[in-house]
Amino acid sequence: MSDSSEVSIRIAGPQDAEAIHQMVVALARDTGAESKVDSTPANILRFGFGRDALFEVLIAEKERRPVGLCLYFFSFSSWLGEPGIYVQDLYVSPNERRSGLGRRLLRETARHGRRRDASHLRLSVDHQNIEASRFYERIGMHHRSEEDTFHIGGTEFLDLAAGSSG
């Protein structure tokens, strides 16, 4: 475990697409889901940067090397009537875990959200990732058992978009 104060956090730019992708793959590997990653650095570059960026990324660096990230996007709760942040990926390299860096990344993400009037932060955790669930609970996040996540993708999504699904 290292001291997280040695680590700087900054907003990622297009030059970081490869490093972002590498950390997303590392996160998937850590959770046993590396085979599910279909994205490429080109996807990160295309959809994360530019005028119509769909997400933002904070990068944590130590000695100019990436050691963590928080990839997030803004959302809106029609029930709360307020914007929020959805954290898609939070990754901290093994050497930096238990240093407080995960908390720092989430805190900085929340600060970015507050600048755009966000009132809440949400994320999903794989059921098997007990360590991550415990971390989120320790920092004050709450599991919401009243909600389930549903997903549609691939040809089923294309069929839905085309109006040909049941």
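The values are calculated or read from the model by the stated rules, or taken from the named source; none is laboratory data. Note that the coordinates shown come from a computational prediction; the quantities given were computed from them, not determined experimentally. Cβ sites come from the backbone with ideal geometry, for glycine too, and all protein chains shown count toward neighbours.
Taking segment 15-41 only, how many residues are surrounded by 12 or more Cβ atoms within 10 Å (Cβ to Cβ) and part of a helix (DSSP H, G or I)? Break it down stepwise before answering.
Pass one, segment 15-41, residues surrounded by 12 or more Cβ atoms within 10 Å (Cβ to Cβ): 16-31, 33-34, 37, 39-41.
This time we only want the ones that are part of a helix (DSSP H, G or I), so: 16-30, 34, 41.
The number of residues fulfilling the criteria is 17.
Restricting attention to segment 42-65, and to residues there that are buried (at least 17 other Cβ atoms within 10 Å of the Cβ) and in a loop (DSSP other than H, G, I, E, B), which single residue is nearest to the chain's Cα centre (by Cα)?
Residue satisfying both the conditions and the ranking: Phe55.
Restricting the search to segment 14-35, which residues are of a type in the set (D, E, K, R) and either out of contact with any helix residue (DSSP H, G or I) (no Cβ under 9 Å at 6 or more places or on another chain) or closer than 22 Å to Arg97 by Cβ (or both)? Don't jump to the end; show me each part of the working.
Start the filter on segment 14-35 by keeping residues that are of a type in the set (D, E, K, R), which leaves 16, 18, 29-30, 34.
Answer for segment 14-35, where residues must be of a type in the set (D, E, K, R) and either out of contact with any helix residue (DSSP H, G or I) (no Cβ under 9 Å at 6 or more places or on another chain) or closer than 22 Å to Arg97 by Cβ (or both): Asp16, Arg29, Asp30, Glu34.
When you scan segment 78-166 for helices (runs of 4 or more DSSP H) that lie fully inside it, which ones turn up with 2 or more residues that are at pLDDT below 95? First the steps, then the outcome.
Values: elements: 101-114, 130-138, 154-162.
Counting at least 2 such residues, we get 130-138, 154-162.
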